[in-house]
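Asks: Quick one: the structure is below, and I'll ask about it shortly.
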Amino acid sequence: MRFAIIALATSFAAPAFAGSSQAPSADPSVVMAPTEQAITGASPMRGVYGALSGLHASPSASFTQDDSVPSPNGNLSLKNALGLTGAVGYDYGNGLRLELELMHFGGNTDVLSFTNATSFQSNQTDGSYKLTAGMLNAWYTFGDGSIRPLVGGGVGMMHADVNMDFQAGSTPLNISGKDTVFAWQVGLGAEVPINDRMSMVVTYRHLRANGFDLADSQGTAVDVDLKTNIVTIGAMFRF
């Protein structure tokens, strides 16, 4: 009898030890939370950047002497100059960048030409100029290819330091002075990515700054307007 009870108990217990005939339920799926990039649509290029470029400038100026009516006026050609420009900014990841830029360049003065002077028309000058500008720029870059066109512009202030000698007939004269005025620029170019953090950038800009107040050696006020074409080549680093 004891052996019969043990055998019967064993026959009922076996399925429990062998496992249920019902298939085990699958583990719940792991749901990954969307990343910040998926939520915001942010580009991996988004963030702070710095840029440093060499520049080549081709400036020219026009002037008016405020000593009579009509005031003598004319043009001052300036020799081409080399300089540097640096910027720090923020890339919003959607093509738009905002930056603060500091540029500096300078060179020698060339020919001073009057358009309505009675005694002489033009003279060679011996002098130099230095120009420093601080600009707030906005740039927009198109696409995400290996070459990315860009356009932009900015506004700011430009400081001029000018000192030049010339002859008015037989009279030696000098025009000099320092002044800071409003400036603006527009430009276009291209960005060429090297890796995720570094790009080469080439731009062409047209920059203008009007109303520099200078004076000649006889105390006559000279109002100068500047325009210059600038080509920059440099690198941009994202942090």
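Here, each number is a calculation from the coordinates, and none is a lab measurement. Keep in mind that this is a model prediction, so the values were computed, not measured. Please note: Cβ atoms are built from the backbone with ideal geometry, for glycine as well, and neighbour counts cover all protein chains shown.
Asks: Count the net charge of all other residues whose Cβ sits under 15 Å from the Cβ of A51, scoring Lys and Arg as +1 and Asp and Glu as -1. Numbers along the way, then the final one.
Replies: Working: positive: R97, R148, R197, R205, R238; negative: D91, E99, E101, E191.
Computed value for this residue: +1.
Asks: Would you mind ranking M157, M135 so that the residue whose beta carbon has the fewest other beta carbons within 10 Å leads the list?
Replies: The most exposed by this proxy come first: M157, M135.
Asks: Please turn the phi angles of segment 160-170 into ³J(HN,Hα) values with the Karplus equation 6.51 cos²θ - 1.76 cosθ + 1.60 (θ = phi - 60°), one per residue in order, whole Hz, x for glycine and proline.
Replies: Values, residue by residue: 10, 10, 10, 8, 8, 10, 7, 10, 9, x, 9 Hz.
Asks: Can you sort H206, H159 from fewest to most other Cβ atoms within 10 Å of each residue's own Cβ?
Replies: H206, H159
Asks: How large is ³J(HN,Hα), in whole Hz, for each residue of segment 224-230 in order, when computed from phi with the Karplus curve 6.51 cos²θ - 1.76 cosθ + 1.60 and θ = phi - 60°, using x for Gly and Pro?
Replies: So the J values, rounded to whole Hz, are 10, 10, 10, 9, 8, 9, 10.
Asks: At 0.36 nm per residue, minus the direct Cα-Cα distance, what do V88 and T171 gain on full extension? Give it in nm, one decimal, please.
Replies: 25.1 nm
Asks: Chymotrypsin sites (Phe, Trp or Tyr not before Pro), restricted to segment 140-222: which are DSSP loop and have at most 14 other Cβ atoms within 10 Å?
Replies: When the chymotrypsin sites (Phe, Trp or Tyr not before Pro) of segment 140-222 are filtered for loop state and at most 14 Cβ neighbours within 10 Å, F142 remain.
Asks: Give me the percent of Cα-Cα pairs in segment 47-238 that sit more than 23 Å apart, rounded to a whole number.
Replies: The answer is 47 percent, as a whole percent.
Asks: Counting Lys and Arg as +1 and Asp and Glu as -1, what is the net charge of the other residues whose Cβ lies under 10 Å from the Cβ of V224?
Replies: Details: positive: none; negative: D179, D213, D223, D225.
Net of charged neighbours comes to -4.
Asks: Oh, and also: How much length would be gained if the chain were fully extended between H104 and F182, taking 0.36 nm per residue of separation minus their Cα-Cα distance, in nm to one decimal? Let's see the in-between values first.
Replies: Details: separation 78, 0.36 × 78 = 28.08 nm, distance 1.55 nm.
26.5 nm is the gain from fully extending H104 to F182.
Asks: Pull out the extension gain between S128 and L96, defined as 0.36 nm times the separation in residues minus the alpha carbon to alpha carbon distance; nm, one decimal.
Replies: 7.8 nm
Asks: Taking the Cβ of each residue in V48, V151 as the centre, tally the other Cβ atoms inside 10 Å and list the residues starting with the fewest.
Replies: Ascending number of Cβ neighbours within 10 Å: V48, V151.
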